Each structure stands twice: as structure tokens, then as C-alpha cells.
1. Yes or no: Ser69 free of Cβ contacts under 8 Å to residues at least 60 places away in the same chain and either of a type outside the set (Val, Ile, Thr) or at positive phi (or both)?
2. Filter the range 58-72 for residues that are in contact with a helix residue (DSSP H, G or I) (Cβ under 6 Å, 6 or more places away or on another chain) and either more than 24 Å from Glu107 (Cβ to Cβ) or surrounded by 17 or more Cβ atoms within 10 Å (Cβ to Cβ) (or both) and give the result.
3. Consider the range 81-126. How many of its residues are polar (S, T, N, Q) and closer than 15 Å to Phe154 by Cβ?
4. Specify which of the listed residues (Ala175, Ala148) is modelled with pLDDT of 80 or more and part of a helix (DSSP H, G or I).
5. Give the range 10-43 a look and list any residue that's more than 14 Å from Ala148 (Cα to Cα) and buried (at least 24 other Cβ atoms within 10 Å of the Cβ), or say none.
6. Please go through the range 63-119 and give me each residue that is at pLDDT 90 or above, part of a loop (DSSP other than H, G, I, E, B) and touching a Leu at 6+ places or on another chain (Cβ under 6 Å), ordered by number.
7. Identify the residue in the range 77-107 that is among the small types (Gly, Ala, Ser) and out of contact with any strand residue (DSSP E or B) (no Cβ under 7 Å at 6 or more places or on another chain) and, among all such residues, is nearest to Lys58 (Cα to Cα).
8. It is to be established whether one or more residues within the range 14-30 are at pLDDT below 90, outside any helix (DSSP H, G or I), over 29 Å from Gln172 (Cβ atoms) and touching a helix residue (DSSP H, G or I) at 6+ places or on another chain (Cβ under 9 Å).
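The values are calculated or read from the model by the stated rules, or taken from the named source; none is laboratory data. Note that this is a predicted model, so its numbers are computed, not measured. Positions of Cβ are generated from backbone atoms using ideal geometry, with glycine treated the same way; all protein chains shown enter the neighbour counts.
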Amino acid sequence: MKILGVDPGSVICGYGVVESHSGKFSVVEYGVVRVRKKSIELPVRLKEIYLRITEVIKRTCPDAAVFESLFFSKNVQSLVKLSHARAAAVLAAAMYDLPITEYSPREIKKSVTGNGNASKEQVQYMVKTLLKIDETPEFFDVTDALAAAVCHSFRANMPRKATNSWSDYIKQNPAKVIR
């Protein structure tokens, strides 16, 4: 399964496409949609996000799209702009009839690191380890987007019945064991 993960932003929108087969991962593509904040009006930035995410979808043909959900942090204006940017990216995925799933930042962090309060650096380290990425992406938005895709893969492959022991869990989830 190919999964497009998106960490939305109105200035920097991270994306990553991960392929998952039998608990093993490979990176298809990752990067950012970066638009200038000061010299470009918001509607033009939204158009750029929509068009660039559309290009990624055309190039990589994902089976699903995953988005980090919004949370209120700085101020209402930031939240409104972030909501618009997220909507532009969601629309790109919806136009290609991709199933769309949303996870909170806490869910993504817990899935990838085992700690819902993990730092951006911890998420980045685990994403690089799980996906065997040698370079360090310039922006955390990229590793956050890849983490969202990995989280979705883990969730899609979760055992349907409860496990009785750690050894059962490890047998059923070999991709979660780092060697």
C-alpha cells in the first residue's frame, strides 16, 4: 500500500509517500511545498499547495492520504490560515478519490516513537530509522508527514484481536521492532 502523508502548513507544507508491504517500509518520495509568506496573498499560496500536492499524487499514485489534524496553538489567525492550507491539500487528495484519514499529532507520535509527547527530534530520529533515510530533511514538516504515513500503515496492519503477551505482539508486528 502506498500512503501519502501530509503535514499541512500555509508557508511550508510537508509531504511524504511511503510504501508498505508485509510490515516493511520504503520511501517513494518526500519534500515540502514552500511558498513565500510575505510577497504572496493567501489564495495564491493555497492554489500552489493544491497544485503541488496534486503533482505529487499524479507522480506517486498513492492508495490513501493521511493528514495530521489541526490543533489550536498560537492564535486564531494562524489557525484559520492553517485550516485553509489543510483544506487545499485535502481537496487535492479528494479530487483523486483517495481515502482520507486524519490522526492527531499525539497519535502519530505515539505510533512512531511509543510516546505521545515525543519531541520533533525524537520523531525525526524514529522516522529516519524506520524508513532507513540517511539524510536529515531540512524541515520537521517532512518527517512529520512521513510519520503520519507510517502511523497509518501501523494502524491499517494492527491485529484485529487482542494479544495475550508481548511475544505475540512482536510476532504480529515485526515492523515495529528496531534492530
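1. It is true that Ser69 is free of Cβ contacts under 8 Å to residues at least 60 places away in the same chain and either of a type outside the set (Val, Ile, Thr) or at positive phi (or both).
2. Ala65, Val66, Glu68
3. 5
4. When all the criteria are applied, what remains is Ala148.
5. If the condition is that a residue be more than 14 Å from Ala148 (Cα to Cα) and buried (at least 24 other Cβ atoms within 10 Å of the Cβ), then Val33 is the only one that fits.
6. none
7. Out of the qualifying residues, it is Ala92.
8. No; the residues of the range 14-30 include none that is at pLDDT below 90, outside any helix (DSSP H, G or I), over 29 Å from Gln172 (Cβ atoms) and touching a helix residue (DSSP H, G or I) at 6+ places or on another chain (Cβ under 9 Å).
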